[in-house]
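Structure record follows, encoded as structure tokens.
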Amino acid sequence: MSWWVLVAAGVVEIAWALSIKPTDGFTRPWPTVLCVALMALAAFLLSVAIRDLPTGTAYAVFTGIGAVGAVTVSAVVNKDPLTVGRVAAIALICCGVVLARITTPAE
């Protein structure tokens, strides 16, 4: 169950990362409220997940999901460029997340 909570935390982190830009440097009140709420929810879910998972592994997977997801969603929604280097970086992060998951001892 902890792995599913961790995935949920990573998905919320993607939303949080994408919610930062609309705050315009935290000068717009409602986007800022949303951003802070998403940040708090992501941190809460991560804290629940690390009750049963190694902290380092959980954090690596959490940030990996967030990084890959933010780049991918931003490329689709904002038309951010996907260069060969960026795709290679995403692939390496994905491999690292998978390796961290499969080498973590069972709960």
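Data for the structure
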| read-out | value |
| --- | --- |
| Anisotropy class of the range 38-92 from Cα gyration tensor, a/c 1.5 cut | oblate |
| Net length gained if the chain between F26 and T103 were fully extended (0.36 nm per residue, minus Cα distance) | 23.8 nm |
| Lys, Arg +1 and Asp, Glu -1 on Cβ, resulting dipole of the chain about Cα centre, debye, nearest 20 | 180 debye |
| Gyration tensor (alpha-carbon) shape descriptor, the range 2-102, a/c threshold 1.5 | oblate |
| Mean separation of Cα contacts under 8 Å, 6 or more apart, over the residue count of the range 2-102: relative contact order % | 34 percent |
| Part-to-part distance (alpha-carbon centres) for the range 16-31 and the range 34-107, which is given in Å | 20 Å |
| Approximate spin-label separation V48-V76, in nm, with each point projected 7 Å along Cα-to-Cβ | 2.4 nm |
| Spin-label pair T83/L41, simplified geometry with 7 Å Cα→Cβ offset, distance in nm | 3.4 nm |
| Cα gyration tensor shape for the range 1-57, rounded if a/c is under 1.5, else prolate or oblate | prolate |
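Each value in this text was obtained by applying a stated rule to the coordinates, not by laboratory testing. All values reported here derive from a predicted model rather than from experimental measurement. Quick reminder, even Gly has a Cβ in these numbers, built from the backbone with ideal geometry, and neighbours come from all protein chains shown.
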